[in-house]
Amino acid sequence: CKKASDIICSVVRDNKNALLGLATGGTAEGVYKYIVEEFKNGKIDLSNVKTINLDEYVGIGGDHPQSYRRYMDDHFFNHVNINKENTYVPITTGDIDRELLNIKEIIDGNGGTDIQLLGVGRNGHIAFNEPGERLNASASIVDLNEDTIRANSRYFSNIDEVPKKALSLGIGDILKSKKIILLAFGSEKANAIRELLSNDFITTKVPCTLLKAHNDVTIIIDEALSEKL
Ligand code: F6R
């Protein structure tokens, strides 16, 4: 997480107007903790930075405790000097077509994000691009798969409360980023990372393998995962 924070902070130091592509989830929490620490130590200025998040649940508003808007405010935005008006977490309660256009404008207006932070699902999903015959190139409403609903139920009081759909950036949106960092911690992510690192195939059945088509990806794993590889 410290390494990922260092990479993100160096992108911001090089370009104070950078557009950061951000992720939520357990893995990313530590990254935000370290960026906040850099800010508190006076080592980073986020006042001109813009951000866009990968995804948001459909069916809960931004004020819901488990919404990704709330996650971002709680773990990151409320603790730094970012202008909240420059932070975009997909809005899933209003006119979805308008939001999909918004996302396109934010990403294409910057020629892709300057850096994209990614976690990965046990099934290899990136953002909420779940394994399947086809993957979306651009942002759209997607169905969460059983495994993802089960994994994310840890944040809800029971599994039935986990939304079944999300608005997610597409694989094309992610690949437009100038630089990508993917973090994967824990042995249960080993299958996904093995498919990414140990062969030369790309398959929509393991969406993170699409990252092989990008030429600036940093993959950071922990010891528990590396022991399984
Ligand atoms: C979150 C996201 C997801 C997570 C992935 C890993 O915005 O897009 O792809 O990165 O589900 O989640 P954790 O880190 O909770 O294991």
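The values are calculated or read from the model by the stated rules, or taken from the named source; none is laboratory data. This is a predicted model, so every value here is computed, not measured. Using ideal geometry, Cβ is built from the backbone for each residue, glycine included, and neighbour counts are taken over all protein chains shown. For the accessible areas, the whole protein counts, side chains as well, though only heavy atoms, and no ligand, DNA or RNA atoms are used. Shrake-Rupley method; radii C 1.70, N 1.55, O 1.52, S 1.80 Å.
Ranked by the mean number of other Cβ atoms within 10 Å per residue, highest first, peptides 77-83, 40-46, 117-123 order as 117-123, 77-83, 40-46. Protein-only accessible surface at a 1.4 angstrom probe places the residues R70, R134 in the order R134, R70, largest first.
For the stretch 128-229, applying the loop criterion from DSSP together with a ceiling of 11 other beta carbons within 10 Å to the GluC sites (Glu not before Pro) yields E133, E227. D63 contributes about 120 Å² of solvent-accessible surface, heavy atoms of the protein only, 1.4 Å probe. A Förster radius of 35 Å combined with the Cβ-Cβ distance from I202 to D6 puts the calculated FRET efficiency at roughly 0.75. Based on DSSP H segments of at least four residues, each scored -39500 (n - 2.57), the chain has a per-residue ellipticity at 222 nm of -9000 deg cm²/dmol. Here the stretch 80-229 has 48 percent of its accessible surface on carbon and sulfur atoms, given a 1.4 Å probe and all protein chains in place.
Using R0 = 45 Å, the C-beta based FRET efficiency linking S157 and N41 works out to 0.75. Sequentially through the stretch 148-154, phi angles give Karplus couplings (6.51, -1.76, 1.60; θ = phi - 60°) of 5, 4, 5, 4, 7, 5, 4 Hz, Gly and Pro residues having no value and appearing as x.
Modelled spin labels at N83 and I219, positioned 7 Å past Cα toward Cβ, are 3.9 nm from each other. Here the calculated FRET efficiency for I149 and D74, from their Cβ-Cβ distance with R0 = 25 Å, stands at 0.65, rounded to the nearest 0.05.
Backbone amide hydrogens, once placed in the peptide plane, bring N136 within less than 5 Å of I171, excluding anything fewer than 5 places away on its chain.
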